[in-house]
Every structure is written in structure tokens, then in C-alpha cells.
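No lab work stands behind these numbers, since they all come straight from the coordinates. Remember, it's a predicted structure, so these values are computed and weren't measured experimentally. Using ideal geometry, Cβ is built from the backbone for each residue, glycine included, and neighbour counts are taken over all protein chains shown.
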Amino acid sequence: MKKEQIEKEPVLRVEDLSVSFHMYDKGLEQYDLKVISDLSLDVRPGEIVAIAGSSGSGKSLLAHAVMGILPENAKVTGKVIFKGETLDQKKKERLRGTEIALVPQSVAYLDPLMRVGKQVTGCDPKKEKQKSQKEIFKRFHLDEKIERYYPFQISGGMARRVLVSTAVISNTSLIIADEPTPGLDLEMALEALKIFRELADEGKAVVLITHDIDLAFHIADRIAVFYAGTTVEMAKAEDFRKGMEELRHPYSKALWQALPQNGFRPIPGFQPYAKYLPKGCLFSPRCPYKTKECENNIPMREVRGGYVRCIHAT
């Protein structure tokens, strides 16, 4: 990311976002299940921010909260700010697909009653859009005849590439890619990530949600680490490439050690269920540095050029 891009205001800024769902328990007892707590994130023009974390850490819910596609029983607090404007539900709906594009995790998002080509171009008759669609299909090794097929006529890997194509040819300022590479072989996964890098270099802001964090390290500018529904670290991707000593949060270091090339070393315990979150630091039950102070509210703070939610980070 270039210096002038770093100095620009974020395209997207998420501040203290919390998401809860109104639920029913046994005997019709009602309660609010908080699945995201005080989550913060920002992404600027020309950069890729990759989101890393285990399943259930809130990565996809963040994308759905930004897009305004959470179910009706969801309650959202905090701020989602796009180009300096705080978004409410109506504004999210207005920007969806025009200024903000989502590459969804599930291929079920493709309309089963619409031909693939029209879903990518948005039924736009302009020759430029048609040409772009053909070019991106060629890059993804999709035969030209695929544009005339319906989703049920193509494989899961093809459908994944079609979903990525819809965001690639959109003229949006922000692209949120939710697990765009599962189902793709290594060559296609690298090609998809390369395209996202090109889009960022053209000035778009890209949020990349992925389990393939070792691949993301090499194309992202910054990495946001999520745990149990909140941000525990935000650091340069370069820090992850350099090694564990450059990281700040114990969970970030555990993620790094869990990669196959770094020993595939697991840590004891498991991510807590949203209904039974511990007090204070959500990682504290698994942390070797836990002290009594960790039971207090832990805010994000700056440490060595990154941000971390840990009182012991140095």
C-alpha cells in the first residue's frame, strides 16, 4: 500500500460494533445472545484488510452487518461508517451492489432461475460490461458457454468463480469477499487473490474474510484477528510474514503456530460459546499470561505500530 493511500480517510470504518440475536430458550424464555462485542475495523482506499480467526469468531456476521442483511431478530449497536457517513439500514440497502459489493460465502446466493452471465453483468446491456465478463471468465478458466448456463448446471468450483466475478466487474468502492477461495484449487485460489490485489491497487478497498490466512499474508496489507466476536489484534501483514515475535496478542501467536509450516501446534481449550463468555478478556481462559486484571474490560491499544486488545502485550 502506497503512503498516499495510507493517509486517506477509510472507505469503511466499523466502531464498537455489537450484534445480538433475540432468542427463545426452553419454556419460551427469551434472551439476547450477543455474538459480536465491541468490534472495530477500518479499510482504506488501495488496501486489502484480511480477517483471520476460527469459525464462529464473527467474520461473516461482520460482513452481513455492513451489508444490512442480518435477520429480523438481530440487534445492532455501534457505528458502520462508509466514506464518512454513518449508515442506517436504508442507506445500507441503497449502497448495496452499487457502492459496496459482497462476494458471499455460499454459492446458494446465485439465483437458480437466472442465467450465470446475466447475474455477473447485472442484466447490463452495455458492451463494455459484456466484454469485462468474458475477460474475467477467461482468467478463471470458465468456458464462454458457461454464461448461458443456470447455476444448477455448473460445479461448485465454477459457481465460486462466478461469485467472485460479480464483484470483480462491479464499479464499487468497497468489496467484501467472504471466504472466496474454498472449493478452488490452488491455482484458481491464487488467481482470485491476485485479482483482489489488482482491484486494491486500482484504488478499491477490499475486506478479505478467509481461512487461508497463509495465502492472505502475501496479498493483504493488514490483518485483523477476530476471536469470539471481537477484534483482538490489527497488524501489518508484514508482521505475520516476519514471524511470531512480531505479533502482539497471544491468540495471534497461536494462530501463527497452528499453520502447517510453523509446526501445526494447537493450544488447549476452545473458543467460548456466545452465551457463556468470560468476563473481561475473552481469550483469558486459554491464555498462559492470565492475571486478575484480565477480568476487566480490555480496550484496544497501540503497541509497536499495531493495535491489540491485551494488557500484557509489549
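The table below lists the values:
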quantity	calculated
Per-pair calculated FRET efficiency, R0 = 45 Å: Phe264 and Lys90 via Cβ, rounded to 0.05	0.45
Principal-axis tilt of helix 156-168 within the chain, Cα atoms, nearest 10 degrees	90 degrees
Principal axis box of region 25-125, alpha-carbon based, largest edge first, Å	53, 35, 30
Mean separation of Cα contacts under 8 Å (6+ apart) over length of region 120-207, as relative contact order %	29 percent
Ranking of Tyr307, Tyr276 by count of other Cβ atoms within 10 Å, fewest first	Tyr276, Tyr307
Over 19 Å between alpha carbons, listed pairs Lys34/Lys275; Lys83/Lys204; Lys34/Lys79; Lys118/Lys145; Lys59/Lys194; Lys34/Lys75	Lys59/Lys194
The chain - convex hull of alpha carbons, volume per residue in Å³	153 Å³
Stretch gain in nm, segment Glu29-Tyr289, where the contour uses 0.36 nm per residue and the Cα spacing is subtracted	89.8 nm
Distance (nanometres) between label positions extended 7 Å along Cα→Cβ at Glu9 and Val303	3.2 nm
Relative contact order (%) - the chain, alpha-carbon pairs under 8 angstrom, separation at least six	20 percent
In order through region 137-148: 3J(HN,Hα) via Karplus (6.51 cos²θ - 1.76 cosθ + 1.60), integer Hz, x for Gly, Pro	4, 5, 5, 8, 6, 9, 4, 4, 5, 4, 4, 8
Cleavage-rule hits, trypsin sites (Lys or Arg not before Pro), region 87-187, DSSP coil, Cβ neighbours within 10 Å at most 14	Lys126
DSSP-defined antiparallel bridges as percent of all bridges, the chain, nearest 5	65 percent
